[in-house]
Amino acid sequence: MQTDNDIYQDIRPYNDDEVSGAIERLINDKEFINAILNYRFPQLSGVLGWVLTPLIKRFLIKKWSNVKTVADVQRQVAKYMHATIDHSCDGVTHTGLDKLDPKQSYLFVSNHRDIAMDPAMVNWCLFNNGFDTVRIAIGDNLLKKPCATELMRLNKSFIVKRSAKAPREMLKALGLLSSYISHSLETGNSIWIAQKEGRAKDGNDKTDPAILKMFFMEGRARKTAFPDFMKQLNIVPVSISYENDPCDIAKAKELYQKQTQGTYEKGEFEDIESIIQGIVGHKRRIHVSFGDVIRDDFETPEALAEEIDRQITQNYKLFPANYIAADMTDTSVTDAEKTRFQEKMVDLPVGVIDILKTMYATPALKKQL
């Protein structure tokens, strides 16, 4: 419920008593219904959209009639994720959860390869092992449509206001974000956040110290030393490894255009298209590795970022494509795997192929350092 003293109301996920209202707004959102029509009935949406629209609304009303709380939403999402995993990958494995306490809240700082699937995979592993799901940091650049905002805030997402440009406005937004993250952890709610803004499209997972400086803004406000405050956050580095990235060629083409032309103009709905492709595209195997809670003293954001990077690199699971791209020998690499990887590069320009190979090779090469 929104109250006068709810300082986080503009960025936080919905509470239980806001779920029904959000669902009602979604069902009555024309763009949301049209998106379902175009996805489920692309051949009929134009001609028979006026007939299908009320049917879809009635279906959603019935389907979501018992969804009253945040926990109910999470159970619905889990069912959807089960179907998605069955159709789009060859299994999900995980390591490291045995070292964590289901009753404790953690700040999961994760590498970032896929907009939607990264936090979804972390949540899938947590949900199936008796942990509460996380609150998810999401940039406001992904919330251009009201229905997107409703869906994300229903799914325990909180908003990172990247669109703030004026220095004072930006400082205020970052301070509120830092305070909200600390508040969440102190009230028993774990957080997922990417190690840097934007996906690691080149395959090089690297923590931006600016993220850690943002965490510490609340510590500075409390006059707590950096090492002491950061230890209180229970930071856990997370490595998410996809055997196949459904968006890999699109990423490589983007990087190639930046490399050759200096700029890349993103389409209006490109992020949404990447989300859809990341969800429905085939990923083969997925592995999620939960690292060790960071307990040591790190005096600077840069030193702490190095430790997060060390764990993410060390815990990254390599698949045959990584070894093939890096021209490394491994028993998991078969002739069939080599052929599969070569087929990925058919008809691509040489420059794009080089970037694609680098994308898959980098995790393997970094492990050797």
State which residue pairs qualify: first residue crowded, with 16+ Cβ neighbours inside 10 Å and inside segment 4-31, second residue modelled with pLDDT of 95 or more and polar (S, T, N, Q) in any location, beta carbons under 7 Å apart, and separation of 6 or more residues or different chains. Pro13/Ser157; Val19/Thr69
Requiring at least 2 residues that are free of Cβ contacts under 8 Å to residues at least 12 places away in the same chain and of a type in the set (Asp, Glu), the helices (runs of 4 or more DSSP H) wholly within segment 250-363 are 270-280, 335-344
Is there a residue being without any contact (Cβ under 8 Å) to a residue 60 or more places away in the chain, in contact with a helix residue (DSSP H, G or I) (Cβ under 6 Å, 6 or more places away or on another chain) and in a helix (DSSP H, G or I) anywhere in segment 67-81? yes
For the subset of segment 329-357 comprising residues that are of a type outside the set (Val, Ile, Thr) and under 17 Å from Asn204 (Cβ atoms), which member is surrounded by the fewest Cβ atoms within 10 Å (Cβ to Cβ)? Asp354
Sole residue being in a loop (DSSP other than H, G, I, E, B) and either surrounded by fewer than 16 Cβ atoms within 10 Å (Cβ to Cβ) or modelled with pLDDT of 95 or more (or both), chosen from Lys213, Lys223: Lys223
Out of the residues in segment 98-146 that are modelled with pLDDT of 95 or more, aliphatic (A, V, I, L, M) and part of a helix (DSSP H, G or I), state the one that is nearest to Glu270 (Cα to Cα). Met117
For Lys253, indicate whether it is surrounded by fewer than 19 Cβ atoms within 10 Å (Cβ to Cβ), basic (Lys, Arg), within 18 Å of Val293 (Cβ to Cβ) and in the same structural domain as Met121 (by TED's automatic domain parsing). no
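Here's the yes/no breakdown for (1) of a type outside the set (Lys, Arg); (2) over 24 Å from the mean Cα position of the chain (by Cα); (3) at pLDDT below 95; (4) at positive phi:
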site	(1), (2), (3), (4)
His287	yes, no, no, no
Glu299	yes, yes, no, no
Glu337	yes, yes, no, no
Leu369	yes, yes, yes, no
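The values are calculated or read from the model by the stated rules, or taken from the named source; none is laboratory data. Since the model is a prediction, treat every value here as computed from it, not as a measurement. Cβ sites come from the backbone with ideal geometry, for glycine too, and all protein chains shown count toward neighbours.
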